[in-house]
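Down below is the structure, laid out as structure tokens.
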Amino acid sequence: MAHQHVVACSLLPLVVMVIACCLVGAATSESSSTMQCHEDDQAALLAVKSALLSTDAGDSASGDGSSADDQADNYLSSWSPDYFCCDWRDVECDNATGRVVGLSLTQDANLTGAIPDAIANLTHLRTLVLHHLPAVSGAIPDSLALLSDLQTLSISYTGVSGAVPAFLSQLTELASLDLSYNALTGAIPASLADHPSLSSIDISRNALSGAVPPLFTGLLSSNKSTTDGVYLSLAHNNFSGAVPAGFGSVGFAHLDLSRNGFSGDPSAAVFGHGKPLLQHLDLSRNAFRFSLTGVELPEQLVYLDLSHNGVRGRIPAQVATLAGLKTFNVSYNQMCGVVPTGGNMPTFDAYSYQHNKCLCGTPLPACHRGH
């Protein structure tokens, strides 16, 4: 009997601990449930869902017998009032406040219609990603100007058209902007150049045109740290004119101006010792005219494509000393002289130099006297 009493006493702390854990767990669950999702955010998300599913396309059947609306609903099936919205797919909440701070809708051809104005009711949003939604169309709504906390905005691989909105300059916390692979037209708003925080812009693969404003002027004036370098891609558009002279002061890590109608001499803006972070430089398929002779190349270059321009002069011997260079292309230009040797140069074949005026030496045919 005494033995049973000892056993019971020894088990008592364990029982108490288990009960306490259950009570704490229940309290934690109840506490977190009150912070899981703000009712305004949940209402906004349900309105977003309704807008993206309320199209005539939803009434037509697909090949497997289900409607497009049903398929889209499968993607947003977790978006139900029966669950806290912070548990919904592709929704991120702040752990301290329970407010929705991130929304990412990606890779769904069944989400259709315009970008819902209801997104603007997610007033604490920091990240908005709408990626690979080919049936989403129309202009970028001005209502998004209300998202004053937004730091990352990505609307890419969609059917979105119209202009790059001028209100972007009002989103002063915005650091990263991706509007690539859309059907945007018109010019880049001049006001975007004065943005104080933007350090990454990708508006490639659109139908934008006109001259490019001196982007990142506001960033330089704000003295905000950009230790990782600035990212800019304007590739595959219809931009024209000269590269802004102010680019010479920008600490680019990635600069892609390829497949446009840029002209003039960009060397002072994109080359030189003032580009210690530059790893990727693509100026290909433009109308640039300048001499590469004597140009100082950034030491950290990994990718350099100057092909399909009007570049003249000689290839700098410095190219052979760029230890990290993996891609080098000066084809379809007007260059002359001997191709440098040593370093990584043996890794670049004749394709890198073809269709120039008079380049010679390995891997091209041998030079004649006078080169």
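Would you mind computing, in nm to one decimal, how far apart the modelled labels at Thr347 and Gln334 are, each placed 7 Å from Cα along Cα→Cβ?
Placing both labels 7 Å beyond Cα along the Cβ direction yields 3.2 nm.
Please report, in whole Å³, the volume per residue of the convex hull around the C-alpha atoms of the range 172-255.
85 Å³
For the range 129-231, give the percent of accessible area contributed by carbon and sulfur heavy atoms, probe 1.4 Å, rounded to a whole number.
After summing per-atom areas, the C and S share lands at 52 percent.
Quote the FRET efficiency, to the nearest 0.05, computed for Ala96 versus Ser148 with a Förster distance R0 of 25 Å and r equal to the Cβ-Cβ distance.
Step by step, r from the Cβ atoms, then E = 0.85.
How many Å² of accessible area per residue for the range 216-264, probe 1.4 Å?
About 40 Å² of surface per residue is accessible.
Per residue, what accessible area does the range 313-371 have, given a 1.4 Å probe and all protein chains present, in Å²?
54 Å²
Could you give the accessible area per residue of the range 117-176, probe 1.4 Å, as a whole number in Å²?
37 Å²
Using the C-alpha gyration tensor of the range 237-371, what are the square roots of 5 times its eigenvalues, in whole angstrom, with the largest one first?
24, 17, 12
Give a quick list of trypsin sites (Lys or Arg not before Pro) in the range 287-371 that DSSP marks as loop, anything other than H, G, I, E or B, with at most 15 other Cβ atoms within 10 Å.
Those that pass, being in a loop and sparsely packed, are Arg289, Lys326, Lys357, Arg369.
The values are calculated or read from the model by the stated rules, or taken from the named source; none is laboratory data. As the structure is a computational prediction, the values presented were derived from the model and not from experiment. Methodologically, a virtual Cβ is constructed for each residue, glycine included, from the backbone with ideal geometry; neighbour enumeration extends over all protein chains shown. Calculation scope for accessible area: heavy atoms of the full protein, side chains included, ligands and nucleic acids excluded. Shrake-Rupley method; radii C 1.70, N 1.55, O 1.52, S 1.80 Å.
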